[in-house]
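Written out below as structure tokens is the structure these notes cover.
The values are calculated or read from the model by the stated rules, or taken from the named source; none is laboratory data. Everything numeric here is computed off the predicted structure, so don't read it as measured data. So basically every Cβ, Gly included, is an ideal-geometry build from the backbone, and we count neighbours across all protein chains shown. Side chains included, ligands, DNA and RNA excluded: accessible areas come from the protein's heavy atoms. Shrake-Rupley method; radii C 1.70, N 1.55, O 1.52, S 1.80 Å.
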Amino acid sequence: MKWISREDMEKKQEASAAEIKEALDFCAGQVTAGLDLFTWEFPMAYSENGFYKAMDNRDWTTGFWTGEIWLAYEHTRDRRLLEAGEIQMESFLKRIEEQRDVETHDLGFLYSLSCVAGYKLTGSILGRRAALLAADKLITRFHEKGNFIQAWGELGAPDNYRLIIDCLLNLPLLYWASEETGRAIYREIAQKHTRTTLDHVIRPDYSTWHTFFFNQDTGEADHGATSQGCRDGSAWARGQAWGIYGTAIGYRYTKREEYISVFKGVADYYLRHLPEDLVPFWDLEFGDGDQEPRDSSSASIAACGMLLMAEYLAAEEAGYYTGAAKKMLKSLIDNYRVKSREESNGLVLHSTYCNSSPYNTCIEKGVDQCNIWGDYFYMEALTRLSREWEMYW
């Protein structure tokens, strides 16, 4: 097992402006071509043999596809994409009005990238209504005992009285709702959840817990664990990336100075545990020489977080994290992206949804495939590097 050194990292090439433009052009074309299958339906969370199948708007992942549509629309202004985005917002409004598969903290993933984005881009009143209903639903999962939003399962169930690190990306829905309505309750819950998460999921070495449990009766911290990492004490690669982007988002909305040092610690731990090509294995415990699958989606998420935080850092530090993001994007462009419609109807290969181990609880699926959030965050990172962009989060 081997990780790349700081010196070797510094020698890596960054993605050029021309490479970024060409990659984003391909992404927009791939998304547009996908509208034949994915306008009234949505891609599954992960591909099978490189190709996504269609499904109804039921999973926690469907918003990522609509987010890709909006990114492609911003890039091309193709009216077909606008019309598809509007159709999908109607689906999301129906879903929240009918309360279908909305008992989850993932409402931010679902509604920020579909309906908040659509409202920002088009002024859609339908999108605004759907997103506000989703924000109202999300805050029902907040527990005063512990000050956190429960991730999964029946509210208050003792075996699920916990948060997961992913939820840091669901909180922008609440900040947006507070700005849109003037109601402080959404922002206050988002701030409390962020503080609770960063107080408990960040270990002393800045690796992260995937999930953290609290005492149901007192709200006191109980223990960290994993559902998707290799083992409880390891650093699940996608979870560490959620920590990078989630901490940057927390700083964006609160300007709490201590979040800058947390970001640096979590991001630097991640960068110290990358293999030679800068795209991590599914758990940061593994490095070059290990026979384990990669998770390319983690690299795209981490790159987005570094590019966001760079907006708030001094020039030298901003340059370091922007450079790291461009180097990861260079590797994704050169080694991981889909290169033709015949190869896949996705954007990025070699992602991992869930990889089972003797020490975690997940069921293996979507290993060494495209996955829909990996495609979205890859496209977002390219967009961030191509122009000034008003984020959907």
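Has region 143-158 got any residue that is over 23 Å from Gly305 (Cα atoms), among the aromatic types (Phe, Trp, Tyr) and more than 21 Å from the chain's Cα centre (by Cα)? Taking every residue of region 143-158 in turn, none turns out to be over 23 Å from Gly305 (Cα atoms), among the aromatic types (Phe, Trp, Tyr) and more than 21 Å from the chain's Cα centre (by Cα). Applying the selection to region 148-177, what residues are of a type in the set (S, T, N, Q), open to solvent by less than 10 Å² (accessible area, probe 1.4 Å) and without any contact (Cβ under 8 Å) to a residue 60 or more places away in the chain? Once the filter is applied, which keeps residues that are of a type in the set (S, T, N, Q), open to solvent by less than 10 Å² (accessible area, probe 1.4 Å) and without any contact (Cβ under 8 Å) to a residue 60 or more places away in the chain, region 148-177 yields only Gln150.
Yes/no per residue for (1) part of a helix (DSSP H, G or I); (2) buried (at least 24 other Cβ atoms within 10 Å of the Cβ):
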| position | (1), (2) |
| --- | --- |
| Asn57 | no, no |
| Trp65 | yes, yes |
| Leu82 | yes, no |
| Gly108 | yes, yes |
| Ser112 | yes, yes |
| Cys115 | yes, yes |
| Gly118 | yes, yes |
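Which members of region 17-30 meet the condition of being open to solvent by 50 Å² or more (accessible area, probe 1.4 Å) and either of a type in the set (Gly, Ala, Ser) or part of a loop (DSSP other than H, G, I, E, B) (or both)? Answer for region 17-30, where residues must be open to solvent by 50 Å² or more (accessible area, probe 1.4 Å) and either of a type in the set (Gly, Ala, Ser) or part of a loop (DSSP other than H, G, I, E, B) (or both): Ala17, Ala18. Here Glu188 fits the description: assigned to a helix (DSSP H, G or I) and within 17 Å of Thr140 (Cα to Cα). I'd like to check which helices (runs of 4 or more DSSP H) are fully inside region 255-349 and have at least 1 residues that are among the polar types (S, T, N, Q) and within 15 Å of Tyr245 (Cβ to Cβ). In region 255-349, the matching helices (runs of 4 or more DSSP H) lie at 296-310, 315-331. If you check Gly243, Gly239, Gly233, Gly250 for being out of contact with any helix residue (DSSP H, G or I) (no Cβ under 9 Å at 6 or more places or on another chain) and within 30 Å of Tyr359 (Cβ to Cβ), only one passes: Gly233.
Could you list, in sequence order, the residues of region 196-215 that are of a type in the set (D, E, K, R), open to solvent by 60 Å² or more (accessible area, probe 1.4 Å) and without any contact (Cβ under 8 Å) to a residue 60 or more places away in the chain? Within region 196-215, Asp199 is the sole residue that qualifies.
Cβ-Cβ contacts under 6 Å between residues 6 or more apart (or on different chains), taken from a first residue in region 302-316 that is modelled with pLDDT of 95 or more to a second residue that is of a type in the set (Gly, Ala, Ser) and open to solvent by 10 Å² or more (accessible area, probe 1.4 Å), are listed as Ala310/Ala318. Residues of region 341-353 being open to solvent by 40 Å² or more (accessible area, probe 1.4 Å) and under 17 Å from Ala33 (Cβ atoms), which ones? Those that are open to solvent by 40 Å² or more (accessible area, probe 1.4 Å) and under 17 Å from Ala33 (Cβ atoms): Arg341, Glu342, Glu343.
Here Ile125 meets each of (1) surrounded by fewer than 17 Cβ atoms within 10 Å (Cβ to Cβ); (2) in contact with a strand residue (DSSP E or B) (Cβ under 6 Å, 6 or more places away or on another chain) with one exception, condition (2). Per the conditions (1) open to solvent by less than 10 Å² (accessible area, probe 1.4 Å); (2) free of Cβ contacts under 8 Å to residues at least 24 places away in the same chain; (3) among the polar types (S, T, N, Q), the sole criterion not satisfied by Gln291 is (1).
Note on region 354-388: residues that are open to solvent by 20 Å² or more (accessible area, probe 1.4 Å) and either among the hydroxyl-bearing types (Ser, Thr, Tyr) or without any contact (Cβ under 8 Å) to a residue 24 or more places away in the chain (or both) total 10. If I filter region 120-173 down to residues being assigned to a helix (DSSP H, G or I) and of a type in the set (Asp, Glu), which single residue comes out as nearest to Thr247 (Cα to Cα)? So the residue we want is Asp166.
Do we have Tyr251 as touching a residue at least 60 places away in the same chain (Cβ under 8 Å), closer than 22 Å to Leu173 by Cα, in contact with a Phe, Trp or Tyr (Cβ under 7 Å, 6 or more places away or on another chain) and of a type outside the set (A, V, I, L, M) here? Criteria met by Tyr251. Residue check, Thr352 against (1) more than 13 Å from Arg238 (Cβ to Cβ); (2) at pLDDT 95 or above, all met but one. Which one? The single condition Thr352 does not satisfy is (1).
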